[in-house]
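Quick notes on the structure that follows.
The values are calculated or read from the model by the stated rules, or taken from the named source; none is laboratory data. Quantities reported herein were computed from a predicted structural model and do not represent experimental measurements. Reconstructed Cβ throughout: ideal geometry from the backbone, glycine too, with neighbour counts over all protein chains shown. Protein only, heavy atoms only, side chains kept; ligands, DNA and RNA dropped before computing areas. Shrake-Rupley method; radii C 1.70, N 1.55, O 1.52, S 1.80 Å.
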Amino acid sequence: MSFRPRAALSAAVAALTLTACAPFDGVLRDSVEDVLHDVATDTAPIVPTLDFDQVDRDDPFGGTDAEDYAEGFDLPDEVAAVGPYPTGRVREAYETAQDLLEAVYLNQDAVFDEDNSEFTSLLTGQALDWYLENHGNEDPLLDTRHIPFNLTPGTAEPIGDVVKVNGAMWAEEAVDEYGFDYLAVRTEYTIVHPIARPGDPVSVRLVTSHLGEVSFYDRGDGTWDVWPFWTRSAGPIHCLSDQHTLTPAYPDELPRGERPKGRPEDAYDLDNARDDLESADEGECGTIQET
């Protein structure tokens with residue numbers, strides 16, 4: 001059987017946390033004057049301290065939606081045949097999709113050190129050739145460096161070894177733009193990495209919305225040709241359009257790169273992410289609430 005491969009695309013839409021500032025009204029002015037009076041009359045100056053260590057090392061997901069998320073990517077509870085694809089082959093597709101997601105999001109060498117060898121080892125045939133040939137392509141839409149999930153090396157270290165995941169995968173029959181049939185394993189997830197700036201007591205939870213699919217083309221000999229196809233948004237990160245990696249934005253940092261726009265949204269809300277990714281321009285920088 002012959003077929004034309006689908007193009008695979010990964011678009012990163014950067015999202016940066018912003019904090020609101022209270023208006024300087026009469027009540028606040030009176031409070032400030034009281035504080036200034038206390039400072040002037042107190043022999044010990046008051047030095048406010050700000051805590052930028054947002055993640056409890058003993059309970060990294062405490063107080064967030066991620067408390068109830070799974071650890072890693074679960075397979076569907078029930079597996080059934082899909083169209084001409086029998087149960088065994090559908091199960092194999094699920095397991096391959098799980099392997100790809102784990103290699104991208106759970107492998108610490110990949111996430112923190114940009115070592116994507118585990119991911120590339122899962123690609124074969126035309127998909128592998130396409131990935132290697134377009135690695136570093138000048139067109140951001142074709143640059144396959146955006147497919148893995150790589151933080152800028154030296155900007156983050158993991159807090160613990162648990163990554164929380166919420167979402168699902170499911171299989172459907174599909175037809176590509178060239179008229180070729182394939183099995184699509186849809187993947188929609190919220191992924192939470194607790195991270196810290198190396199060497200500093202500054203931390204944050206990095207929340208990623210992942211939407212897309214893994215496309216499985218039957219070669220006719222009992223094997224698949226596998227193509228990852230997905231988009232993602234992540235935050236809090238700096239909106240740096242000249243980087244293929246993601247640079248975390250810690251709570252003690254001012255935004256770098258493009259200024260984020262729009263009302264802050266809940267980073268854990270996958271429906272919001274889906275709407276934003278479907279309507280956003282490539283590289284658009286939005287805002288999220290504290291994670």
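Solvent-accessible area per residue in region 106-248 equals 39 Å², computed with a 1.4 angstrom probe and all protein chains kept.
Overall dimensions of region 188-251, expressed as equivalent-ellipsoid semi-axes from the Cα gyration tensor (√(5λ), whole Å, largest first), are 34, 13, 11. Its relative contact order, with pairs defined as Cα atoms under 8 Å and 6+ residues apart, puts region 56-157 at 22 percent. Computed over region 169-291, the Cα gyration tensor eigenvalues convert (square root of 5λ each) into semi-axes of 34, 16, 13 Å, ordered from largest to smallest. For the pair Arg186 and Phe52, label points projected 7 Å from Cα toward Cβ lie 4.1 nm apart.
Heavy-atom surface analysis with a 1.4 Å probe gives region 79-131 a carbon and sulfur content of 45 percent of its accessible area. Once neighbouring chains are kept in place and the probe is 1.4 Å, which whole percent of the accessible area of region 135-291 is contributed by carbon and sulfur? That share works out to 46 percent.
Let me check against my output: what whole-number percent is the relative contact order of region 183-291, with C-alpha pairs under 8 Å and at least 6 apart? Averaging sequence separation for qualifying contacts and normalising by length gives 23 percent for region 183-291.
Ranked from largest, the principal axis spans of the Cα set of region 89-204 equal 53, 33, 21 Å.
Using a Förster radius of 41 Å, what is the FRET efficiency between Thr87 and Asp266 based on their Cβ-Cβ separation? Nearest 0.05, please. The formula returns an efficiency of 0.65 here.
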